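**Q** My questions all concern the structure below.
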Amino acid sequence: MAYEPREHHPAFEEYCEAIFELEEDGLKPIQSRLAERLGVSRAAVSRMVTRMTEEDLVARRKNGSLTLTDDGKFLARTIVRRHRLAERFLTDVLGMNWTDAHHEAGKWEHVISPAVEKAMNRLLEDPTTCPHGNPIPGSSYEEPDLKHLSQMSKGKHFTIVRIREELECTPGLLEFLESASLMPGFKGEVLFSAPDGATTVNLGEGDVRIEAFAAERILVKSN
């Protein structure tokens, strides 16, 4: 069901979205990670978190991490859903590349109305994931049995299923992944795992070396 949140400053939406995505990636949402993810200073994060605590969107845990309140979770799921639907629309319908679609969706997520969200979802025939394989909140997505590409040994065949959000936020990586066909649905074989964690794979059109940081955040299923 489309949800129209009460009016919040776009910055509040960005912070709730970032906390949601950090948790989704299995990372503890602490202020330093928020600062890195959002490209702002730690002092700015501290001030914003204080304001969001007053708005009952965020709470501080005793261990120093942050957690979303019920209102914060509702807002985050709404923004993440609209962002991922927008990415799907921009790539599947308008034919935009991953990088441009990701940046445009970051603008669209704040202005999509419930009516437009519903229409986009209908046009896209109820998609369950964004173009990078991350689940769309509120969809019928069911997580398959996945492994990190870095866990696959030499000679193993795989299908790419999901590109973690952390890679979407890393400058230059979306361009690399798309140009190398490291995209959900593509099949490959592990050729070599280097001591430094890098993985070399073949996707049918040549070999691709993937540095450890990315290989640990690309989720695949065994074929």
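The values are calculated or read from the model by the stated rules, or taken from the named source; none is laboratory data. Nothing here was measured: the structure is a model prediction, and the numbers come from that model. For neighbour counting, all protein chains shown are included, and Cβ atoms are generated from backbone atoms with ideal geometry for every residue, glycine included. Only protein heavy atoms, including side chains, enter the accessible area calculation; ligands, DNA and RNA are left aside. Shrake-Rupley method; radii C 1.70, N 1.55, O 1.52, S 1.80 Å.
**Q** Please list 3J(HN,Hα) in residue order for region 213-221, calculated via the Karplus relation 6.51 cos²θ - 1.76 cosθ + 1.60 where θ = phi - 60°; whole Hz, with x for glycine and proline.
**A** Per residue, the Karplus-derived 3J(HN,Hα) values read 4, 6, 4, 7, 10, 9, 9, 9, 10 Hz.
**Q** For the chain, what does the relative contact order come out to in percent, with C-alpha contacts under 8 Å and a separation of six or more?
**A** In percent, rounded to a whole number, it is 17.
**Q** Moving on to the next point. Provide the per residue accessible area, probe 1.4 Å, for region 113-223, rounded to a whole number of square angstrom.
**A** Spelled out: the 1.4 Å probe surface of region 113-223, per residue, equals 50 Å².
**Q** Determine the sum of side-chain charges near LEU219: Lys and Arg each +1, Asp and Glu each -1, restricted to other residues whose C-beta is under 15 angstrom from that of LEU219. Could the numbers behind the result be given before it?
**A** Numbers: positive: LYS147, LYS156, ARG162, ARG164, LYS187, ARG217, LYS221; negative: GLU21, GLU24, ASP25, GLU142, GLU143, ASP145, GLU165, GLU166, GLU168, GLU216.
Computed value for this residue: -3.
**Q** Using modelled backbone amide H atoms (1.01 Å from N, in-plane), which distant-in-sequence or interchain residues come within less than 5 Å of THR129's amide H?
**A** ILE136
**Q** Related question: Quick one, which of (i) 12.9; (ii) 10.7; (iii) 19.0 is the actual mean projected area of the Cα convex hull in nm² calculated for this model?
**A** Given (i) 12.9; (ii) 10.7; (iii) 19.0, the calculated one carries the label (i).
**Q** If you average the sequence gap of Cα pairs under 8 Å that are 6 or more apart and divide by the length of region 19-133, what percent do you get for the contact order? Intermediate values should be presented prior to the final figure.
**A** On the way: 101 pairs, mean separation 23.3, N = 115.
Taking the mean separation of contacting Cα pairs over the length of region 19-133, I get 20 percent.
**Q** Another question, then. For LYS156, list the lysines whose Cα falls under 19 Å from its own Cα; do not include residues on the same chain fewer than 8 positions away.
**A** LYS147, LYS187, LYS221
**Q** Place the peptides 158-166, 61-69 in order of packing, highest mean first, counting for every residue the other Cβ atoms within 10 Å and averaging per peptide.
**A** 158-166, 61-69
**Q** Once every DSSP H run of n ≥ 4 in the chain is given -39500 (n - 2.57) and the sum is divided by its residues, what mean residue ellipticity at 222 nm do you get, rounded to the nearest 500 deg cm²/dmol?
**A** Details: 9 runs with 95 residues, N = 223.
It comes out at -12500 deg cm²/dmol, rounded to the nearest 500.
**Q** Summarise the accessible area of the chain (1.4 Å probe, protein heavy atoms) by the percent that is carbon and sulfur.
**A** Heavy-atom surface of the chain belonging to carbon and sulfur, 1.4 Å probe: 50 percent.
**Q** Between region 31-46 and region 77-121, what's the alpha-carbon centroid distance in Å?
**A** 25 Å
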